[in-house]
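Accompanying notes for the structure given below.
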Amino acid sequence: MSVTVEIPTHTRPFRRGAVLKEVLPVKPRYITRLDQVEHLEQRLTVEERKCLERVEDTFPFRSNDYYLSLINWEDPHDPIRKIVIPDPRELERIGSLDPSSEKKYTVIPGLQHKYPQTALLLVSDECGGICRFCFRKRLFLETDPEVAADIPRCMEYIRTHAEITNVLLTGGDPLALSTKKLERIVRELREIPHVQIIRIGSKMPAYNPHRILNDPLLLQMIKRYSSENKRIYIMAHFNHPNELTQAAVQALDELQRAGAIVVNQTPLIQGVNHSPFVLSELFRTLSFVGVSPYYVFQCRPTVGNRFFTIPVERSYQIVHHAFARCSGLAKRARYIMSHNSGKVEIVGTTPEYVFMKYHQAAQPENAGNFIAFNRNPNATWLDDYLHHMIDNIPRKDWVF
């Protein structure tokens with residue numbers, strides 16, 4: 001159920017020459033200060049530098065020279081630049097540092113158990129780069145540590161909860177760990193009979209594919225623990241086609257050859273992939289290299305993320321106009337809000353209404369529930385719809 005709306009076509013197209021761009025195998029140098037980014041410094045006024053320094057002092061910067069080389073510095077709207085280079089608008093103090101209420105579902109420090117079959121284990125507070133729209137940016141601030149410090153205690157919890165069949169390793173980025181540390185965690189999970197799937201959430205194939213290409217021990221570890229009946233899934237994070245360089249594609253191929261199943265998830269981000277043409281090219285290129293689009297997320301209302309966010313109803317139209325340009329294999333993603341009450345899928349609109357359902361629910365009785373709201377073109381999150389419910393649907397039926 002959808003209606004035709006005008007989709008902006010004026011957004012700058014991705015640089016086709018960057019797709020599958022040849023990048024020589026190197027060991028990238030990590031950069032944690034903006035004044036180390038040569039091209040940026042040359043293009044900023046003194047006042048602009050001071051402004052970005054204030055952002056950097058609030059929300060840290062991290063990247064590497066491989067990823068920065070993908071930026072077209074002549075283009076102020078370059079999408080890779082928007083992903084990783086700070087922006088003064090991040091200082092808008094609107095939103096939450098924990099927009100999906102992860103603390104509420106934390107059963108042991110570093111271990112979340114929101115859905116019966118899935119546990120989420122935070123194993124790292126470091127990434128190959130820091131996305132400016134990160135929903136878990138609190139990990140990079142001077143707050144209470146959230147990464148699992150007591151791995152044996154976490155493993156014991158998983159071991160005593162037989163309903164857990166999936167464990168997602170996340171952070172931060174698990175591939176920021178040494179292979180030795182990561183393998184220790186994977187090995188312990190493989191010793192738990194009911195854990196069938198291990199997921200590794202990582203943007204490293206985009207940020208630094210050489211982490212994979214230059215480490216045969218990592219690929220050997222995946223081959224060892226991704227078996228016919230118990231697979232390792234790599235939950236990749238490619239946000240834009242320009243990230244799919246030749247090095248990135250080679251890294252994805254090596255992971256697949258080692259036995260991992262690779263899928264992709266991305267938020268819908270203003271200025272990065274908010275065009276259906278760019279989004280469809282991302283989906284298509286991923287499908288060509290054997291990576292299934294898995295989730296498209298509504299940008300979470302995290303502090304500093306407001307200017308990245310697109311209203312839900314416009315986002316729905318962008319996603320489905322992108323799907324219209326794709327084959328079936330390229331449009332298997334679901335458009336999801338990862339709300340504190342569950343994963344809410346946006347499934348359709350009419351001129352009057354927007355329709356959603358619980359793809360996953362924190363309260364199992366809500367799983368699969370269908371919700372209808374009056375349209376709200378300014379809504380950017382589920383909470384914005386709660387006062388727009390259709391009158392003939394009892395509010396008591398929906399517990400948030």
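The values are calculated or read from the model by the stated rules, or taken from the named source; none is laboratory data. Quantities reported herein were computed from a predicted structural model and do not represent experimental measurements. Don't worry about glycine lacking a Cβ; one is built from the backbone with ideal geometry, like all the others, and counts go over all protein chains shown. Please note that ligands, DNA and RNA were not included when accessible areas were found on the heavy atoms of the full protein model with its side chains. Shrake-Rupley method; radii C 1.70, N 1.55, O 1.52, S 1.80 Å.
Output yes when any residue across region 72-86 is at pLDDT below 95, touching a Ser or Thr at 6+ places or on another chain (Cβ under 7 Å) and not aromatic (Phe, Trp, Tyr), and no when none is. Taking every residue of region 72-86 in turn, none turns out to be at pLDDT below 95, touching a Ser or Thr at 6+ places or on another chain (Cβ under 7 Å) and not aromatic (Phe, Trp, Tyr). Every listed requirement among (1) open to solvent by 20 Å² or more (accessible area, probe 1.4 Å); (2) free of Cβ contacts under 8 Å to residues at least 60 places away in the same chain is met by Leu68 save one, (1). In summary, helices (runs of 4 or more DSSP H) completely within region 134-216 and bearing 2 or more residues that are open to solvent by 10 Å² or more (accessible area, probe 1.4 Å) occur at 151-159, 179-190, 210-213. Scanning region 350-367 for residues that are touching a strand residue (DSSP E or B) at 6+ places or on another chain (Cβ under 7 Å) and either open to solvent by less than 50 Å² (accessible area, probe 1.4 Å) or within 15 Å of Tyr294 (Cβ to Cβ) (or both) returns Val354, Phe355, Met356, Tyr358, His359, Gln360, Ala361, Ala362, Asn366.
Return yes when Val303 is aliphatic (A, V, I, L, M), closer than 24 Å to Trp381 by Cα and open to solvent by 10 Å² or more (accessible area, probe 1.4 Å) and no when it is not. Yes: the conditions hold for Val303. Here is the figure for region 322-339: residues that are crowded, with 18+ Cβ neighbours inside 10 Å and not in a strand (DSSP E or B) total 6.
Within region 278-298, track down each residue that is over 21 Å from Ala248 (Cα atoms) and surrounded by fewer than 24 Cβ atoms within 10 Å (Cβ to Cβ). Within region 278-298, Phe297 is the sole residue that qualifies.
If I go through region 338-358 residue by residue, how many of them are under 17 Å from the mean Cα position of the chain (by Cα) and not basic (Lys, Arg)? Before you say what the answer is, go through the steps one by one.
Let us first name the residues in region 338-358 that are under 17 Å from the mean Cα position of the chain (by Cα), namely 338-340, 342-345.
Add one more test, that the residue is not basic (Lys, Arg), and what stays is 338-340, 342, 344-345.
The total comes to 6.
Please tell me if Leu122 is open to solvent by less than 30 Å² (accessible area, probe 1.4 Å) and out of contact with any helix residue (DSSP H, G or I) (no Cβ under 9 Å at 6 or more places or on another chain). No; evaluated as a whole, the condition is false for this residue. If you go through region 223-267 and keep only what is hydroxyl-bearing (Ser, Thr, Tyr) and touching a Pro at 6+ places or on another chain (Cβ under 9 Å), you end up with Thr245, Thr266.
State yes or no: is Arg300 of a type outside the set (A, V, I, L, M, F, W, C), closer than 20 Å to His237 by Cα, assigned to a loop (DSSP other than H, G, I, E, B) and touching a residue at least 60 places away in the same chain (Cβ under 8 Å)? Yes: the conditions hold for Arg300.
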